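*Asks:* The following block contains the structure, expressed as structure tokens.
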Amino acid sequence: MRSFPTRVRVFSGTDDLDLDLFQETALFPGDAVAVLHESQDKKWVFARSYHYAAWVPKSDIAMGTREDVLSYHGRDKAYLVVTGDKVETVYTPEDPRVSRVSLDMGVRLPLIASGTLGHSLNGQNPYTGYAVRLPVRKTEDGTLEFAPAVIARSRDVSPGYPEFTHHNLIRQSFKFLGERYGWGHDYGGRDCSGFISEIYRSFGILMPRNSGQQGTSEFGVNIRFDDNAPMREKLEAINTLEPGDLIYIPGHVMMFLGVDGGTPYVIHSVKGYSHLEPDGTLYSGTLNGVSVTPLTTLHKSSGTSFIDEIYNLKKIRYPLSDMR
């Protein structure tokens, strides 16, 4: 999804060509959008998803009726959830529209009952995989239809959502470890808030798109701090966190992992990295990917510590009695 109807990349300067200022976020196969407008050249549409509104290439959207779009994820349907960082549908030359389609963590697809398929689906016996319905564009006019596809049973997927536990939250987060940072899901990756959103989406919890929207929203149990809150108060609150809880500073979000040797650790999709050297000088380097770091030593490039910048700690509990 783009700020304006163009693929032209725009940057704040020549020293960083990773942060395309026109790149907003991404849509995934099966996401429903309301199409609100069309560009003058008819190559882009302005679309509203559940958490964002921006321009999308028209060739990536299948136009359907409201009823068809909203019924795709009907509550009475069995579904398959992508629980790996990425999986693909199996290769099939019979229908290239459903061949090797990339599916990110949290994507949910309706399952097709195995007894309705027979012994051949796109040239393959589907009994060794999961048969799902994918939304595709009709070749002749780009309107919406649904086509069967197969995802191998060996892939990291789950029939239904996995159990929402602290253990599973951390397990999901480490599936992204080492993935390159992708601003607005650029490079097929994700940024800090996209990283968090996909993890929670794999449990059926939909988050606001940007870290500021997540951090200031009232969902979850929030521990908020004003600008004058002392570091001691924040450290005491951090000690009440459990694995999978979220830590917000302006423009960034991290997932709490736990404490080792008195030091709290976090996992996050992060671009730059700074800390104070023993002599008090500021070291600045790059991580540019999903990384595990100690929290207390992290600093911004300005020299301000991450602890000083924390404005909210968020705990998401659903259901409250079952988190473990």
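*Asks:* Any chance you could count how many residues in the range 137-149 are closer than 20 Å to Pro29 by Cβ and not in a strand (DSSP E or B)?
*Replies:* Looking only at that region, the number is 4.
*Asks:* Residue check: is Leu70 at pLDDT below 95, assigned to a helix (DSSP H, G or I) and outside the structural domain of Gly182 (by TED's automatic domain parsing)?
*Replies:* So Leu70 passes the test.
*Asks:* Among the numbered conditions (1) touching an Asp or Glu at 6+ places or on another chain (Cβ under 8 Å); (2) under 26 Å from Glu179 (Cβ atoms); (3) among the hydrophobic types (A, V, I, L, M, F, W, C), tell me where Phe46 comes up short.
*Replies:* So the condition that Phe46 fails would be (2).
*Asks:* Turning to a different aspect of this structure: Which of the residues spanning the range 95-136 are of a type in the set (Phe, Trp, Tyr) and in a strand (DSSP E or B)?
*Replies:* Listed by number, the list holds a single entry, Tyr130.
The rows are residues; the columns are (1) touching a Leu at 6+ places or on another chain (Cβ under 7 Å); (2) modelled with pLDDT under 95.
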position	(1), (2)
Arg7	no, no
Asp16	no, yes
Ala62	yes, no
Leu80	yes, no
Tyr91	no, no
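*Asks:* When the range 30-59 is examined, which residues are found to be without any contact (Cβ under 8 Å) to a residue 60 or more places away in the chain and not in a strand (DSSP E or B)?
*Replies:* The answer is Asp31, Ala32, Val33, Ser39, Gln40, Asp41, Lys42, Lys43, Ser49.
*Asks:* Which one of Arg108, Arg153 is closer than 24 Å to His185 by Cα, of a type in the set (D, E, K, R) and touching a strand residue (DSSP E or B) at 6+ places or on another chain (Cβ under 8 Å)?
*Replies:* Of the residues listed, the single one that is closer than 24 Å to His185 by Cα, of a type in the set (D, E, K, R) and touching a strand residue (DSSP E or B) at 6+ places or on another chain (Cβ under 8 Å) is Arg108.
*Asks:* Name the single residue that is surrounded by the fewest Cβ atoms within 10 Å (Cβ to Cβ) among those in the range 239-275 being under 18 Å from His299 (Cα atoms) and in contact with a His (Cβ under 6 Å, 6 or more places away or on another chain).
*Replies:* His275
*Asks:* Next question. Which of the residues spanning the range 191-216 are under 17 Å from Met255 (Cα atoms) and either surrounded by fewer than 17 Cβ atoms within 10 Å (Cβ to Cβ) or free of Cβ contacts under 8 Å to residues at least 12 places away in the same chain (or both)?
*Replies:* Ile205, Leu206, Gly212, Gln213, Thr216 - these are the residues of the range 191-216 that are under 17 Å from Met255 (Cα atoms) and either surrounded by fewer than 17 Cβ atoms within 10 Å (Cβ to Cβ) or free of Cβ contacts under 8 Å to residues at least 12 places away in the same chain (or both).
*Asks:* Name the single residue that is modelled with the lowest pLDDT among those in the range 105-155 being hydrophobic (A, V, I, L, M, F, W, C) and more than 30 Å from Leu177 (Cα to Cα).
*Replies:* Applying the filter and picking the extreme gives Leu117.
*Asks:* Scan the range 65-77 and tell me whether some residue there is surrounded by 15 or more Cβ atoms within 10 Å (Cβ to Cβ), touching a residue at least 12 places away in the same chain (Cβ under 8 Å) and touching a helix residue (DSSP H, G or I) at 6+ places or on another chain (Cβ under 7 Å).
*Replies:* So far as the range 65-77 goes, no, none of its residues is surrounded by 15 or more Cβ atoms within 10 Å (Cβ to Cβ), touching a residue at least 12 places away in the same chain (Cβ under 8 Å) and touching a helix residue (DSSP H, G or I) at 6+ places or on another chain (Cβ under 7 Å).
*Asks:* Give the residues of the range 136-169 that are touching a Gly at 6+ places or on another chain (Cβ under 6 Å) and either surrounded by 14 or more Cβ atoms within 10 Å (Cβ to Cβ) or within 30 Å of Arg317 (Cβ to Cβ) (or both), sorted by residue number.
*Replies:* The answer is Leu144, Val150, Ile151, Ala152, Asp156, Tyr161, His166, Leu169.
*Asks:* Follow-up question, since we're still on this one. Anything in the range 267-286 that is in a strand (DSSP E or B) and either at positive phi or β-branched (Val, Ile, Thr) (or both)? List them, or say none.
*Replies:* Ile267, Val270, Thr286, listed by residue number.
The values are calculated or read from the model by the stated rules, or taken from the named source; none is laboratory data. Owing to the predicted nature of the structure, the values given are computational and were not obtained by experimental measurement. All Cβ positions, even for glycine, are placed from backbone atoms using ideal geometry, and neighbour counts span all protein chains on display.
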